[in-house]
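The values are calculated or read from the model by the stated rules, or taken from the named source; none is laboratory data. This one's a predicted model, so the numbers in the text were calculated from it and none came from an experiment. In this analysis, Cβ positions are derived from the backbone assuming ideal geometry, glycine residues included, and neighbour counts consider all displayed protein chains. Heads up: the accessible areas ignore ligands, DNA and RNA and are worked out on the full protein's heavy atoms, side chains in. Shrake-Rupley method; radii C 1.70, N 1.55, O 1.52, S 1.80 Å.
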Amino acid sequence: MIIPELGEYALILALCLSILLATVPLVGATRGNALWMDFARPLSKGMFFFTLVSFLCLGWSFLYNDFSVVYVASNSNTALPWYFRLSAIWGGHEGSLLLWVLILAAWTLAVALKSRNLPQDIVARVLAVMGWIAIGFYLFILFTSSPFERYLPGFPQEGADLNPLLQDFGLIVHPPMLYMGYVGFAVSFAFAIAALLSGRLDAAWARWSRPWTTVAWAFLTLGIALGSWWAYYELGWGGWWFWDPVENASLMPWLVGTALVHSLAVTEKRGVFKSWTVLLAIFAFSLSLLGTFLVRSGVLTSVHAFASDPERGLFILIMLVVVIGGSLLLYAFRAGQMRSESSFGLLSRESLLLVNNVLLVVSCAMVLLGTIYPLIIDALGMGKLSVGPPYFNALFVPLMAIMLVFMGIGMISRWKQTSLKMLAQQLWLPGVAAVLIGMALTWSYSGELAPWVTLGIVLACWVVLTGMRDQYNRLRHRSEKLAGLFKQSRSYYGMQLAHLGVAVLVVGVALVSVYSEQRDLRMQPGDSMTFRDYTFIFEGSKHVEGPNYTSDQGQIKVLYRDEPYAEMYPEKRLYTARGNVMTEAAIDPGFTRDLYVALGEPRENGAWAVRLQYKPYVRWLWLGGLLMTFGGLLAASDPRYRKRLRPAAA
Amino acid sequence: MTPKRKQRLFLVLFIVVGVGISVGLTLFALSQNINLFYSPTQIAAGEAPQDTRIRAGGMVVEGSIKRDPDSLFVSFEITDYDKTVTVEYVGILPDLFREGQGIVAQGSMNEHGVLDAVEVLAKHDENYMPPEVAEALAKAGKMPMPEGQEFNK
């Protein structure tokens, strides 16, 4: 069969098209040649088509178990169900890069299709920059990590199987969503570079870039939330955030991306912060690339590290240097030409959004330092060390607390100039109410006022109440209040929804961090353990056969206040193809708490080491993430972004 | 100074002071929370400090795992094939913890030269070895090569 070769050829063709895309429209835009600029759209479509063909070829090889392909043989197995065989495409290094370029080509196509209302030269430049990025990744795949390499002549009859950790619904959704976010920032980056190249950095530019950035941000949010949820139930520890370097690699672009979303708002509405916005766009994408480097080069110890290959690491490092160095150089030449279109007072929405930006960027710098500090020390030969979660918690939590305070003030404040008196008038009521309600809620939940929990709940109330106050302000002068509630713009509802998501997330973080309870113990059949009104009775274990694994399944009967409540079946699975042992936790999910039971190792006389956990409000973490995602998507769908610039002229 | 410049000065000062405080706090927090890695040879040579959180890694010695029948207490030895260190731990070991597997333990040394572990890490891939362990083994000249397959591939 020649399908894998077809995939490789398609990829080479896509590379050729990306080289044309990177040059022809750019030259056309510089010379004002409309014909050359018009090549941008068809070339983008062609690039997407051939990348898709390549991706489908790899998918075909997986579906039909073509183990003569090295990548398929090392990541799949005939016993694997078809949906995992397909998601195994991105279960390893090579295929996940192919997914990366497919998504890059898809974003390029989306820009090509959805940019009818943009000036021709801007479209040409944006698509050309996307082409440059694509060249880098096509070369990377073709030279260092082709998924189409063959075992010839003697290939294995059976594949090595997919890592059992990845045989899960999480693998189907988490990487594509995360990559949609990572790669989406390439669009913001391309818009920023195109603006620098053309020298036209105005409010219109910010309006074009905004929906793309917001959508990318929404996908990244969803990707991170899905990753957290997956780690929670799959790793068997019940943790939802580990400050693992790879998690940090996704959090850093998110933090800068969040700053970018807000800074773009200021640039669009007020024509200020232009150079800052451009810088953020460059950094958001650079951090996405840095994340790729950290994950793919194997320099880090992490659950995500597949393979360490210095050649690959070097390639991404060079690409990183070219992207950051090149774009900063361009920035240095052009930034001087940017002029603010208006001024603003010390106390204004602009200033408060600047505070938001500073806090987010500082948080990002602090995460970056903690993540790469061990690498730097190691590179200098000063020993091996790791930075523990206490470092991140000690800095991240206070910074976010300050940010939540400003979040409330920022929503109420006005553009250009806000008087202190007005702020005080508007904010005293939500402030007092937030403190009282927050303390009352904390007390009623726990019977105490633990400092960090109280702070978290009060701040969550603050964000919600100031948001409601802002809603009220907008309706105050309307005669029909209820009708007015549905007449705000979509971007406004999106903002409210995303901020509500933050509040929900904060409640979840505060409660699950402080009031989780865990019992690790040895349980013999008949043993029981009671805490938080739940009694867990271990009834023994039995042997179960799965499609590609065998399993010891524990039976645990749960009583709630001595009434029968549920049966839970945690498993210890042995995946036969690789001989991997996997913990499959049993979870009883709930809106206000999860029960989480996992088996440790078997002991003598039918006893097991068992981990029992009570996780209050843990679902709120991901609920908050979902609200933020929908908020972002809603804001990006605002019709004003689709308005044509020159209605009749086009 | 014009009022506008004054405002800008305030803004700049605010940012500088803010960033300064953050950097100071960051470096302080960093210095408090780094965990240095020691190989069994280094620990045997007395290089590891007592009562400070450290990381130690090596291969689990065959036949060294002793479990208490009534609790989750476990003790085992880790080695870089030169020296060995005893590790004690109470809790649930990761799925891939077994004899001959490369692991990293986090904890502190007690006065008997035993590592009191609070966390034991083994990665979710049978061919994967923590880089620190691989390097420690290479230093001791004892890097094992799994038969017939490339390492870490």
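Structure values in brief
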item	result
Checking B:Asp80 against (1) of a type in the set (Asp, Glu); (2) open to solvent by 40 Å² or more (accessible area, probe 1.4 Å); (3) touching a Pro at 6+ places or on another chain (Cβ under 8 Å), the condition it does not meet	(2)
Some residue of the range A:613-621 being in a loop (DSSP other than H, G, I, E, B), within 13 Å of chain B (Cβ to nearest Cβ), in contact (Cβ under 8 Å) with a residue 60 or more places away in the chain and crowded, with 16+ Cβ neighbours inside 10 Å	no
Flag for A:Met366 being over 24 Å from B:Thr52 (Cα atoms), surrounded by 15 or more Cβ atoms within 10 Å (Cβ to Cβ) and not assigned by TED's automatic domain parsing to the domain that holds A:Val502	no
The range A:243-260, residues that are β-branched (Val, Ile, Thr) and buried (at least 24 other Cβ atoms within 10 Å of the Cβ)	A:Val256, A:Thr258
Residues satisfying the stated conditions in the range B:10-53, i.e. β-branched (Val, Ile, Thr), under 19 Å from B:Val133 (Cβ atoms) and without any contact (Cβ under 8 Å) to a residue 24 or more places away in the chain	B:Ile34
Residue under evaluation A:Pro211, criteria (1) surrounded by fewer than 24 Cβ atoms within 10 Å (Cβ to Cβ); (2) under 25 Å from A:Asn580 (Cβ atoms), criterion not met	(2)
Tally of residues being among the hydrophobic types (A, V, I, L, M, F, W, C) and closer than 18 Å to B:Ile92 by Cα across the range A:557-586	5
Selection within the range A:236-263 - modelled with pLDDT of 95 or more and either among the hydrophobic types (A, V, I, L, M, F, W, C) or in contact with a strand residue (DSSP E or B) (Cβ under 7 Å, 6 or more places away or on another chain) (or both)	A:Leu251, A:Met252, A:Trp254, A:Leu255, A:Val256, A:Ala259, A:Leu260, A:Val261
Boolean, A:Val463 is assigned to a helix (DSSP H, G or I), of a type in the set (Val, Ile, Thr), in contact with a helix residue (DSSP H, G or I) (Cβ under 6 Å, 6 or more places away or on another chain) and more than 16 Å from A:Tyr617 (Cβ to Cβ)	yes
Strands (runs of 3 or more DSSP E) contained in the range A:504-612 and holding at least 2 residues closer than 30 Å to A:Gly467 by Cβ and away from chain B (no Cβ under 11 Å)	A:593-602
A:Gly370 in a helix (DSSP H, G or I) and away from every other protein chain (no Cβ under 12 Å)	no
Which listed residue is within 15 Å of B:Val114 (Cβ to Cβ) and surrounded by 14 or more Cβ atoms within 10 Å (Cβ to Cβ), from B:Val61, B:Val23, B:Val19	B:Val61
Lone qualifier among A:Val502, A:Val435 - being open to solvent by 40 Å² or more (accessible area, probe 1.4 Å) and among the β-branched types (Val, Ile, Thr)	A:Val435
Residue tally, condition hydroxyl-bearing (Ser, Thr, Tyr), under 29 Å from A:Val507 (Cβ atoms) and crowded, with 16+ Cβ neighbours inside 10 Å, over the range A:550-598	3
The range B:35-86 - residue that is touching a Ser or Thr at 6+ places or on another chain (Cβ under 9 Å) and aromatic (Phe, Trp, Tyr) and, of those, nearest to the other protein chains (Cβ to nearest Cβ)	B:Phe37
Lone qualifier among A:Trp241, A:Trp237 - being of a type outside the set (Asp, Glu), in contact with a helix residue (DSSP H, G or I) (Cβ under 8 Å, 6 or more places away or on another chain), under 22 Å from A:Lys615 (Cβ atoms) and not assigned by TED's automatic domain parsing to the domain that holds A:Leu612	A:Trp241
Residues (within 12 Å of another protein chain (Cβ to nearest Cβ), of a type outside the set (Gly, Ala, Ser) and open to solvent by 20 Å² or more (accessible area, probe 1.4 Å)) located in the range A:325-351	A:Phe344, A:Leu346, A:Leu347
The listed residue being among the hydrophobic types (A, V, I, L, M, F, W, C) and either surrounded by 18 or more Cβ atoms within 10 Å (Cβ to Cβ) or facing chain B (nearest Cβ under 10 Å) (or both), out of A:Ile402, A:Ile318	A:Ile402
Filter pass, A:Arg642 being surrounded by fewer than 18 Cβ atoms within 10 Å (Cβ to Cβ) and not assigned by TED's automatic domain parsing to the domain that holds A:Ser528	yes
Extreme residue, least open to solvent (accessible area, probe 1.4 Å), among residues of the range A:52-74 that are polar (S, T, N, Q) and not in a helix (DSSP H, G or I)	A:Ser68
Condition check for B:Tyr128: hydroxyl-bearing (Ser, Thr, Tyr), within 20 Å of A:Val581 (Cβ to Cβ) and at pLDDT below 90	yes
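The rows are residues; the columns are (1) within 30 Å of A:Lys557 (Cα to Cα); (2) at pLDDT 95 or above.
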position: A:Gln426; (1), (2): no, no
position: A:Ala440; (1), (2): no, yes
position: A:Ala450; (1), (2): no, no
position: A:Leu455; (1), (2): no, yes
position: A:Ala483; (1), (2): no, no
position: A:Phe486; (1), (2): no, no
position: A:Arg490; (1), (2): no, no
position: A:His499; (1), (2): no, yes
position: A:Gln524; (1), (2): yes, no
